[in-house]
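Peer 1: Sharing a structure below in C-alpha coordinates format, with a few things to ask.
The values are calculated or read from the model by the stated rules, or taken from the named source; none is laboratory data. No experiment lies behind these values; they were computed from the predicted model shown. Glycine gets a Cβ as well: all are built from the backbone with ideal geometry, and neighbour counts include every protein chain shown.
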Amino acid sequence: MATTFKAVNGKPTVAIHKFSSCDGCQLAFLNLGEPLLQLAELVELVHFPEAGPVAEEAQVDIAFVEGSISTQAEYARIRRVRENSRYLITIGACATSGGLQALRNHRDSADWLAGVYARPEYLDSLATATPIAEHVRVDLELWGCPINGQQVIAAVRSLLFGVTPVVNHDALCLDCKRNGNVCVMVTKGEPCMGPVTGTGCGALCPQMGRACYACYGPAENPNTASFSQRLQGLGLMPQQISDRFMFINNNAPGFTQAAKDVVGGGDD
Ligand code: SF4
Ligand code: SF4
(Lines give C-alpha, C1' and ligand atoms only; values in the text may rest on other atoms or scores of the structure.)
(Ligands and ions follow the chains in the order given, each with its own letter.)
Protein backbone atom coordinates (compact mmCIF):
# COMPACT_ATOMS: atom_id res chain seq x y z
CA MET A 1 0.00 0.00 0.00
CA ALA A 2 2.74 2.45 0.88
CA THR A 3 4.01 2.66 -2.71
CA THR A 4 0.71 3.86 -4.19
CA PHE A 5 -0.25 6.62 -1.76
CA LYS A 6 -1.43 9.91 -3.33
CA ALA A 7 1.37 11.82 -1.66
CA VAL A 8 1.22 15.59 -1.09
CA ASN A 9 4.47 17.25 -0.02
CA GLY A 10 5.93 13.74 -0.18
CA LYS A 11 3.48 12.45 2.46
CA PRO A 12 0.33 10.25 2.31
CA THR A 13 -2.89 12.24 2.60
CA VAL A 14 -5.48 11.96 5.38
CA ALA A 15 -9.01 13.37 5.79
CA ILE A 16 -11.23 13.34 8.88
CA HIS A 17 -14.92 13.56 8.03
CA LYS A 18 -17.77 14.27 10.43
CA PHE A 19 -21.29 12.84 10.14
CA SER A 20 -23.99 12.80 12.88
CA SER A 21 -21.99 12.81 16.10
CA CYS A 22 -20.86 14.91 19.05
CA ASP A 23 -17.29 15.54 17.71
CA GLY A 24 -15.82 13.62 20.64
CA CYS A 25 -13.77 11.31 18.44
CA GLN A 26 -12.26 14.27 16.56
CA LEU A 27 -11.41 15.75 19.94
CA ALA A 28 -9.65 12.48 20.79
CA PHE A 29 -7.36 13.28 17.82
CA LEU A 30 -6.74 16.78 19.11
CA ASN A 31 -6.15 15.53 22.65
CA LEU A 32 -3.33 13.29 21.44
CA GLY A 33 -0.89 16.12 22.11
CA GLU A 34 2.65 15.29 21.02
CA PRO A 35 1.67 12.15 19.04
CA LEU A 36 -0.61 14.39 16.93
CA LEU A 37 2.42 16.48 15.98
CA GLN A 38 4.27 13.27 15.11
CA LEU A 39 1.27 12.19 13.02
CA ALA A 40 1.30 15.53 11.19
CA GLU A 41 4.94 14.86 10.28
CA LEU A 42 4.08 11.44 8.85
CA VAL A 43 0.98 12.41 6.84
CA GLU A 44 -0.58 15.45 5.20
CA LEU A 45 -3.82 16.32 7.00
CA VAL A 46 -5.78 17.77 4.06
CA HIS A 47 -9.28 17.80 5.60
CA PHE A 48 -9.79 18.21 9.35
CA PRO A 49 -12.31 21.04 9.94
CA GLU A 50 -12.11 20.74 13.71
CA ALA A 51 -8.40 21.60 13.50
CA GLY A 52 -8.34 23.91 10.47
CA PRO A 53 -7.85 22.48 6.94
CA VAL A 54 -11.04 22.07 4.87
CA ALA A 55 -11.09 20.08 1.61
CA GLU A 56 -14.28 18.01 1.82
CA GLU A 57 -14.01 16.62 -1.73
CA ALA A 58 -10.25 15.89 -1.68
CA GLN A 59 -9.07 12.47 -2.82
CA VAL A 60 -7.05 10.95 0.02
CA ASP A 61 -5.18 7.83 0.99
CA ILE A 62 -6.82 7.41 4.41
CA ALA A 63 -10.22 8.78 5.44
CA PHE A 64 -11.38 8.66 9.04
CA VAL A 65 -15.15 8.90 9.41
CA GLU A 66 -16.88 9.95 12.63
CA GLY A 67 -20.66 9.78 13.10
CA SER A 68 -23.70 7.83 11.90
CA ILE A 69 -25.91 8.21 8.84
CA SER A 70 -28.90 10.05 10.29
CA THR A 71 -29.97 12.55 7.60
CA GLN A 72 -30.90 12.31 3.92
CA ALA A 73 -27.90 14.40 2.84
CA GLU A 74 -25.50 12.02 4.59
CA TYR A 75 -26.55 9.13 2.31
CA ALA A 76 -24.98 10.84 -0.71
CA ARG A 77 -22.04 12.36 1.15
CA ILE A 78 -20.74 9.06 2.54
CA ARG A 79 -20.68 7.62 -0.98
CA ARG A 80 -18.54 10.52 -2.18
CA VAL A 81 -16.20 10.06 0.78
CA ARG A 82 -15.85 6.37 -0.12
CA GLU A 83 -15.12 7.15 -3.78
CA ASN A 84 -12.49 9.70 -2.76
CA SER A 85 -10.70 7.47 -0.23
CA ARG A 86 -8.30 4.61 -0.69
CA TYR A 87 -8.68 3.29 2.86
CA LEU A 88 -11.71 4.15 4.99
CA ILE A 89 -11.62 3.82 8.78
CA THR A 90 -14.70 4.43 10.90
CA ILE A 91 -14.02 5.88 14.35
CA GLY A 92 -16.24 5.72 17.40
CA ALA A 93 -19.56 4.23 18.47
CA CYS A 94 -21.70 6.42 16.15
CA ALA A 95 -19.80 5.39 13.02
CA THR A 96 -19.40 1.73 13.97
CA SER A 97 -22.81 0.91 15.47
CA GLY A 98 -25.02 4.00 15.07
CA GLY A 99 -24.25 5.34 18.55
CA LEU A 100 -26.58 6.64 21.20
CA GLN A 101 -28.80 8.27 18.57
CA ALA A 102 -29.62 4.79 17.22
CA LEU A 103 -32.03 4.41 20.16
CA ARG A 104 -34.54 5.88 17.70
CA ASN A 105 -34.21 2.66 15.62
CA HIS A 106 -36.07 0.77 18.33
CA ARG A 107 -38.97 3.21 18.73
CA ASP A 108 -41.30 5.36 16.63
CA SER A 109 -38.87 8.18 15.79
CA ALA A 110 -41.66 10.51 14.64
CA ASP A 111 -43.24 10.26 18.09
CA TRP A 112 -39.93 11.07 19.75
CA LEU A 113 -39.30 14.09 17.52
CA ALA A 114 -42.79 15.40 18.20
CA GLY A 115 -42.19 14.98 21.92
CA VAL A 116 -38.93 16.95 21.87
CA TYR A 117 -39.29 19.63 19.16
CA ALA A 118 -42.06 22.20 18.78
CA ARG A 119 -41.79 22.11 14.92
CA PRO A 120 -40.33 18.68 13.93
CA GLU A 121 -41.36 19.26 10.28
CA TYR A 122 -38.28 21.49 9.90
CA LEU A 123 -35.91 18.62 10.72
CA ASP A 124 -34.13 16.63 8.01
CA SER A 125 -33.85 13.52 10.14
CA LEU A 126 -34.11 9.89 9.02
CA ALA A 127 -36.16 7.42 11.07
CA THR A 128 -32.92 5.54 11.79
CA ALA A 129 -29.30 6.23 12.70
CA THR A 130 -27.10 3.61 11.06
CA PRO A 131 -23.41 2.71 11.02
CA ILE A 132 -21.25 3.64 8.03
CA ALA A 133 -20.68 -0.03 7.11
CA GLU A 134 -24.39 -0.37 6.26
CA HIS A 135 -23.88 2.08 3.41
CA VAL A 136 -20.34 1.71 2.02
CA ARG A 137 -17.40 -0.66 2.31
CA VAL A 138 -15.39 -0.01 5.47
CA ASP A 139 -11.77 -1.18 5.70
CA LEU A 140 -11.32 -0.90 9.46
CA GLU A 141 -13.53 -0.10 12.45
CA LEU A 142 -12.20 1.54 15.61
CA TRP A 143 -14.82 1.34 18.38
CA GLY A 144 -15.20 3.49 21.48
CA CYS A 145 -17.04 6.54 22.77
CA PRO A 146 -14.78 8.24 22.18
CA ILE A 147 -11.99 6.32 20.48
CA ASN A 148 -8.59 5.99 22.04
CA GLY A 149 -6.24 8.23 20.01
CA GLN A 150 -3.44 5.68 20.36
CA GLN A 151 -5.50 3.25 18.27
CA VAL A 152 -5.55 5.84 15.49
CA ILE A 153 -1.78 6.29 15.62
CA ALA A 154 -1.27 2.51 15.58
CA ALA A 155 -3.57 2.10 12.56
CA VAL A 156 -1.86 4.87 10.59
CA ARG A 157 1.59 3.54 11.42
CA SER A 158 0.58 0.05 10.21
CA LEU A 159 -0.73 1.45 6.95
CA LEU A 160 2.42 3.50 6.39
CA PHE A 161 4.45 0.31 6.76
CA GLY A 162 2.16 -1.45 4.27
CA VAL A 163 0.67 -3.69 6.98
CA THR A 164 -3.07 -4.23 7.41
CA PRO A 165 -4.03 -2.91 10.87
CA VAL A 166 -5.43 -5.44 13.32
CA VAL A 167 -7.91 -4.57 16.05
CA ASN A 168 -8.09 -6.74 19.16
CA HIS A 169 -11.65 -7.62 20.23
CA ASP A 170 -10.79 -9.52 23.42
CA ALA A 171 -13.06 -8.95 26.42
CA LEU A 172 -12.10 -5.98 28.58
CA CYS A 173 -11.56 -8.27 31.60
CA LEU A 174 -8.33 -9.46 29.99
CA ASP A 175 -6.98 -5.89 30.16
CA CYS A 176 -7.87 -5.79 33.86
CA LYS A 177 -5.88 -8.98 34.42
CA ARG A 178 -2.92 -7.69 32.41
CA ASN A 179 -2.98 -4.36 34.30
CA GLY A 180 -3.51 -5.92 37.73
CA ASN A 181 -6.78 -4.00 38.29
CA VAL A 182 -8.95 -4.98 41.23
CA CYS A 183 -12.23 -6.33 39.79
CA VAL A 184 -15.12 -4.05 40.78
CA MET A 185 -17.67 -6.79 40.08
CA VAL A 186 -16.01 -9.34 42.35
CA THR A 187 -14.98 -6.97 45.15
CA LYS A 188 -17.82 -4.42 45.11
CA GLY A 189 -20.63 -6.27 43.36
CA GLU A 190 -20.85 -3.57 40.68
CA PRO A 191 -22.55 -4.56 37.41
CA CYS A 192 -19.47 -4.10 35.24
CA MET A 193 -19.99 -4.73 31.50
CA GLY A 194 -16.33 -5.72 31.03
CA PRO A 195 -16.95 -9.45 30.43
CA VAL A 196 -18.96 -8.70 27.24
CA THR A 197 -17.19 -5.49 26.11
CA GLY A 198 -14.35 -5.27 23.63
CA THR A 199 -10.95 -4.01 24.69
CA GLY A 200 -9.33 -0.83 23.35
CA CYS A 201 -9.47 1.67 26.22
CA GLY A 202 -7.04 -0.22 28.46
CA ALA A 203 -9.80 -0.85 31.05
CA LEU A 204 -9.97 2.84 31.86
CA CYS A 205 -13.02 2.76 34.16
CA PRO A 206 -12.12 -0.30 36.29
CA GLN A 207 -8.67 1.25 36.68
CA MET A 208 -10.45 4.17 38.38
CA GLY A 209 -12.56 1.82 40.52
CA ARG A 210 -15.68 2.20 38.35
CA ALA A 211 -17.77 -0.31 36.43
CA CYS A 212 -17.50 -0.36 32.62
CA TYR A 213 -20.64 0.71 30.70
CA ALA A 214 -19.58 -0.86 27.39
CA CYS A 215 -18.68 2.15 25.30
CA TYR A 216 -16.31 0.02 23.17
CA GLY A 217 -19.16 -2.26 22.04
CA PRO A 218 -19.38 -6.05 22.13
CA ALA A 219 -16.30 -8.21 22.57
CA GLU A 220 -15.70 -11.04 20.14
CA ASN A 221 -18.24 -13.82 20.86
CA PRO A 222 -19.66 -12.31 24.09
CA ASN A 223 -21.56 -14.79 26.25
CA THR A 224 -24.40 -12.37 26.94
CA ALA A 225 -26.80 -15.04 28.26
CA SER A 226 -24.44 -16.11 31.05
CA PHE A 227 -23.52 -12.51 31.73
CA SER A 228 -27.19 -11.53 32.10
CA GLN A 229 -27.63 -14.34 34.62
CA ARG A 230 -24.62 -13.04 36.55
CA LEU A 231 -26.15 -9.56 36.68
CA GLN A 232 -29.43 -11.03 37.94
CA GLY A 233 -27.34 -12.69 40.66
CA LEU A 234 -26.12 -9.21 41.63
CA GLY A 235 -29.75 -8.16 42.11
CA LEU A 236 -30.53 -6.39 38.82
CA MET A 237 -34.01 -6.80 37.34
CA PRO A 238 -34.30 -7.97 33.70
CA GLN A 239 -35.30 -4.48 32.51
CA GLN A 240 -32.28 -2.95 34.24
CA ILE A 241 -30.01 -5.47 32.51
CA SER A 242 -31.68 -4.82 29.16
CA ASP A 243 -31.12 -1.08 29.64
CA ARG A 244 -27.40 -1.66 30.17
CA PHE A 245 -27.16 -3.33 26.76
CA MET A 246 -29.35 -0.63 25.18
CA PHE A 247 -26.94 2.20 25.89
CA ILE A 248 -24.19 3.67 23.72
CA ASN A 249 -23.93 0.64 21.42
CA ASN A 250 -27.64 -0.28 21.49
CA ASN A 251 -27.62 -0.97 17.74
CA ALA A 252 -24.71 -3.46 17.83
CA PRO A 253 -26.42 -6.77 16.96
CA GLY A 254 -24.96 -8.71 19.92
CA PHE A 255 -26.22 -6.13 22.39
CA THR A 256 -29.61 -5.53 20.74
CA GLN A 257 -30.38 -9.25 20.85
CA ALA A 258 -29.11 -9.62 24.42
CA ALA A 259 -31.37 -6.75 25.51
CA LYS A 260 -34.39 -8.49 23.97
CA ASP A 261 -33.48 -11.94 25.28
CA VAL A 262 -33.19 -10.84 28.90
CA VAL A 263 -36.71 -9.38 28.94
CA GLY A 264 -38.12 -12.31 26.95
CA GLY A 265 -38.29 -10.51 23.60
CA GLY A 266 -36.80 -13.49 21.70
CA ASP A 267 -35.38 -13.49 18.17
CA ASP A 268 -35.93 -10.74 15.61
S1 SF4 B 1 -13.58 -4.81 36.75
FE2 SF4 B 1 -14.97 -5.27 35.04
S3 SF4 B 1 -13.63 -5.44 33.25
FE4 SF4 B 1 -12.33 -5.60 35.07
S5 SF4 B 1 -12.18 -7.82 35.46
FE6 SF4 B 1 -13.87 -7.02 36.68
S7 SF4 B 1 -15.69 -7.38 35.41
FE8 SF4 B 1 -13.90 -7.49 34.06
S1 SF4 C 1 -13.93 0.79 30.71
FE2 SF4 C 1 -15.79 0.49 29.49
S3 SF4 C 1 -16.98 2.39 29.67
FE4 SF4 C 1 -14.88 2.83 30.42
S5 SF4 C 1 -13.83 3.64 28.60
FE6 SF4 C 1 -13.45 1.41 28.64
S7 SF4 C 1 -15.08 0.46 27.39
FE8 SF4 C 1 -15.69 2.59 27.86
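Peer 1: Suppose we filter region 232-259 for residues that are under 19 Å from ALA219 (Cβ atoms) and either modelled with pLDDT of 95 or more or touching a Lys or Arg at 6+ places or on another chain (Cβ under 7 Å) (or both); how many remain? Show your work before the answer.
Peer 2: Residues of region 232-259 under 19 Å from ALA219 (Cβ atoms): 241-242, 244-259.
The next check asks that each one be either modelled with pLDDT of 95 or more or touching a Lys or Arg at 6+ places or on another chain (Cβ under 7 Å) (or both); those that pass are 241-242, 244-252, 255-259.
Selection size over region 232-259: 16.
Peer 1: Could you check region 187-206 and list, in sequence order, the residues that are more than 8 Å from ligand 1 (Cβ to nearest atom), over 21 Å from PRO131 (Cα atoms) and either of a type in the set (Asp, Glu) or touching a residue at least 40 places away in the same chain (Cβ under 8 Å) (or both)?
Peer 2: GLY189, PRO191, GLY202
Peer 1: Let me ask you something else. Please determine whether any residue of region 59-73 is farther than 22 Å from ASP139 by Cα and in contact with a strand residue (DSSP E or B) (Cβ under 9 Å, 6 or more places away or on another chain).
Peer 2: Within region 59-73, the subset farther than 22 Å from ASP139 by Cα is 71-73.
Checking which are in contact with a strand residue (DSSP E or B) (Cβ under 9 Å, 6 or more places away or on another chain) leaves us with 71.
Yes, some residue in region 59-73 is farther than 22 Å from ASP139 by Cα and in contact with a strand residue (DSSP E or B) (Cβ under 9 Å, 6 or more places away or on another chain).
Peer 1: For region 74-123, give me the residue count where each residue is in contact (Cβ under 8 Å) with a residue 24 or more places away in the chain, part of a helix (DSSP H, G or I) and of a type outside the set (A, V, I, L, M).
Peer 2: So the first thing to find is which residues in region 74-123 are in contact (Cβ under 8 Å) with a residue 24 or more places away in the chain, and the list is 74-75, 77-79, 81-82, 84-106.
Next cut, part of a helix (DSSP H, G or I) only: 74-75, 77-79, 81-82, 92-97, 100-106.
Within this subset, residues satisfying the condition of being of a type outside the set (A, V, I, L, M) are 74-75, 77, 79, 82, 92, 94, 96-97, 101, 104-106.
Residues in region 74-123 being in contact (Cβ under 8 Å) with a residue 24 or more places away in the chain, part of a helix (DSSP H, G or I) and of a type outside the set (A, V, I, L, M): 13 in total.
Peer 1: Ok, one more. Name the residue that is farthest from ligand 2 (Cβ to nearest atom), counting only residues in region 217-230 that are in contact with a strand residue (DSSP E or B) (Cβ under 8 Å, 6 or more places away or on another chain) and under 10 Å from ALA171 (Cβ atoms).
Peer 2: The selected residue is GLU220.
Peer 1: Looking only at region 193-206, filter to residues that are more than 19 Å from ALA28 (Cα to Cα) and within 8 Å of ligand 2 (Cβ to nearest atom); which one of those is surrounded by the most Cβ atoms within 10 Å (Cβ to Cβ)? Full working, then the answer.
Peer 2: Let us first name the residues in region 193-206 that are more than 19 Å from ALA28 (Cα to Cα), namely 193-197, 206.
This time we only want the ones that are within 8 Å of ligand 2 (Cβ to nearest atom), so: 193-194, 197, 206.
Working: MET193: 26, GLY194: 27, THR197: 30, PRO206: 24.
Looking at the filtered set, the residue picked out is THR197.
Peer 1: Still on this structure, I have one more. For the subset of region 219-234 comprising residues that are surrounded by 19 or more Cβ atoms within 10 Å (Cβ to Cβ) and touching a residue at least 40 places away in the same chain (Cβ under 8 Å), which member is nearest to PRO165 (Cα to Cα)? Break it down into steps so the answer makes sense when it comes.
Peer 2: First, pick out the residues of region 219-234 that are surrounded by 19 or more Cβ atoms within 10 Å (Cβ to Cβ): 219, 222, 224, 227-228, 231.
Pick out the ones that are also touching a residue at least 40 places away in the same chain (Cβ under 8 Å) and you get 219, 222, 231.
Working: ALA219: 18, PRO222: 23, LEU231: 35 Å.
Once the filter is applied, the top-ranked residue is ALA219.
Peer 1: Oh, and also: Since GLN239 meets every condition but one in (1) surrounded by 15 or more Cβ atoms within 10 Å (Cβ to Cβ); (2) in a helix (DSSP H, G or I); (3) of a type outside the set (Ser, Thr, Tyr); (4) more than 8 Å from ligand 2 (Cβ to nearest atom), which condition does it not meet?
Peer 2: For GLN239, the exception is condition (1).
Peer 1: Something else about it: Could you check how many residues of region 207-218 are touching a residue at least 60 places away in the same chain (Cβ under 8 Å) and either more than 13 Å from ligand 1 (Cβ to nearest atom) or surrounded by fewer than 16 Cβ atoms within 10 Å (Cβ to Cβ) (or both)? Explain how you work it out, then say what you get.
Peer 2: At the first step, the residues of region 207-218 found to be touching a residue at least 60 places away in the same chain (Cβ under 8 Å) are 215-217.
Subsequent filtering for residues that are either more than 13 Å from ligand 1 (Cβ to nearest atom) or surrounded by fewer than 16 Cβ atoms within 10 Å (Cβ to Cβ) (or both) retains 217.
Adding up the residues that qualify gives 1.
Peer 1: Could you list, in sequence order, all residues of region 161-186 that are β-branched (Val, Ile, Thr), within 11 Å of ligand 1 (Cβ to nearest atom) and either surrounded by 14 or more Cβ atoms within 10 Å (Cβ to Cβ) or in the same structural domain as ILE147 (by TED's automatic domain parsing) (or both)?
Peer 2: Taking region 161-186 first, the residues β-branched (Val, Ile, Thr) are 163-164, 166-167, 182, 184, 186.
In the following step, the residues that additionally are within 11 Å of ligand 1 (Cβ to nearest atom) were identified as 182, 184, 186.
VAL184 - this is the single residue of region 161-186 that is β-branched (Val, Ile, Thr), within 11 Å of ligand 1 (Cβ to nearest atom) and either surrounded by 14 or more Cβ atoms within 10 Å (Cβ to Cβ) or in the same structural domain as ILE147 (by TED's automatic domain parsing) (or both).
Peer 1: Also: Can you confirm whether region 235-244 contains a residue that is within 10 Å of ligand 1 (Cβ to nearest atom), outside the structural domain of ILE132 (by TED's automatic domain parsing), out of contact with any Cys (no Cβ under 6 Å at 6 or more places or on another chain) and within 25 Å of LEU142 (Cα to Cα)? Give the steps one after another, and end with the answer.
Peer 2: Taking region 235-244 first, the residues within 10 Å of ligand 1 (Cβ to nearest atom) are none.
No: zero hits.
Peer 1: Look at LEU39 and say whether it is over 13 Å from THR13 (Cβ atoms) and aliphatic (A, V, I, L, M). Don't jump to the end; show me each part of the working.
Peer 2: Working: over 13 Å from THR13 (Cβ atoms): no; aliphatic (A, V, I, L, M): yes.
No.
Peer 1: While we're on this one: Tell me which residues, restricted to region 130-155, are at pLDDT below 95, more than 16 Å from ligand 2 (Cβ to nearest atom) and buried (at least 21 other Cβ atoms within 10 Å of the Cβ).
Peer 2: ALA155
Peer 1: Restricting to region 21-31, count the residues that are within 13 Å of the chain's Cα centre (by Cα) and buried (at least 21 other Cβ atoms within 10 Å of the Cβ). Please lay out each step first, then the result.
Peer 2: First, the residues of region 21-31 that are within 13 Å of the chain's Cα centre (by Cα): 21-26, 28.
Restricting the remaining residues to those that are buried (at least 21 other Cβ atoms within 10 Å of the Cβ) gives 21, 25-26, 28.
Residues in region 21-31 being within 13 Å of the chain's Cα centre (by Cα) and buried (at least 21 other Cβ atoms within 10 Å of the Cβ): 4 in total.
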